[in-house]
Amino acid sequence: MEIEFNFKEEQSRIFGPILRPVARIILINRKNEVPEHVYVDSGADITLIPKSVGELLGFKIEESDKIEEMKGIGDYGIPVIIKKLKIKIGEKIIDARVAWSLLEDVPLLLGRIDIFRLFNISFEKEKKTVFVD
């Protein structure tokens, strides 16, 4: 199976118009399904979703949840809770872990854990992202 997603043109504060690799996925938690466009990020360890997307999926902070600090670029970390859900990419449904940010201002990222091991993913000359299983 091969799934292709065209790059999306966005505005960069530094570079002006820029093409970024995105994918359309569906996040599934029990009966809640949330379709989203996410950045395909080979540098991200785990898929990251903002607080509001987790709430749409029905996530709640449970007593057993451990709040972790996740860092990316820079010195500041963000509080996250690791949750499990299903991610649909094309027709493939994957059991995956996600980092649910307890802050809103984070990008939706499709990270490596649980995803990249299932596909060969290529970025084709600022045109498209291709997932092949």
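The numbers here are math on the coordinates, done by the rules we state, and not lab data. All of these numbers come straight from a predicted model, not from anything done at the bench. Reconstructed Cβ throughout: ideal geometry from the backbone, glycine too, with neighbour counts over all protein chains shown.
Which lysines have a Cα lying under 28 Å from the Cα of Lys31, excluding residues fewer than 8 positions away in the same chain?
Excluding near neighbours in sequence, the set is Lys51, Lys60, Lys66, Lys83, Lys84, Lys86, Lys88, Lys92.
With labels modelled as points extended 7 Å from the Cα through the Cβ direction, what inter-label distance (nm, one decimal) is found for Ser64 paired with Ile82?
Distance between the two pseudo-spin positions: 1.5 nm.
Local charge sum around Leu118 (other residues, Cβ-Cβ under 14 Å, Lys/Arg +1, Asp/Glu -1)?
Numbers: positive: Lys86, Lys88, Lys92, Arg97, Arg112, Arg117; negative: Glu2, Glu91, Asp95, Asp114, Asp133.
Net of charged neighbours comes to +1.
Let's test this: bin the Cα-Cα distances of segment 11-78 at 10 Å from zero up to the farthest pair and state each bin's percent.
Bin by bin from 0 Å, the calculated values are 15, 38, 37, 9, 1.
May I ask for the percentage of alpha-carbon pairs in segment 56-120 that lie more than 14 Å from each other? Intermediate results must be reported in sequence, preceding the final value.
Values: 1316 of 2080 pairs.
Across segment 56-120, Cα pairs with separations above 14 Å total 63 percent.
Cross-link candidates for Lys127: which lysines have Cα within less than 20 Å, leaving aside residues fewer than 8 places away along the same chain?
In chain and number order, the partners are Lys8.
Quick check on the chain: what does the Kirkwood estimate of hydrodynamic radius come out to from the alpha carbon pairs, in Å?
15.5 Å
How do Asp75, Asp133, Asp114 rank when sorted from fewest to most other Cβ atoms within 10 Å of their own Cβ?
Asp75, Asp133, Asp114
Which residues in segment 96-119 place their backbone N less than 16 Å from a point set 7 Å from the Cα of Ile73 along the Cα-to-Cβ direction?
Within reach of a label on Ile73, which here means backbone N under 16 Å from a point 7 Å along Cα→Cβ, segment 96-119 contributes 106-110.
Which residues in segment 106-132 have a backbone N closer than 15 Å to a point placed 7 Å from the Cα of Glu10 along the Cα-to-Cβ line?
106-111, 129
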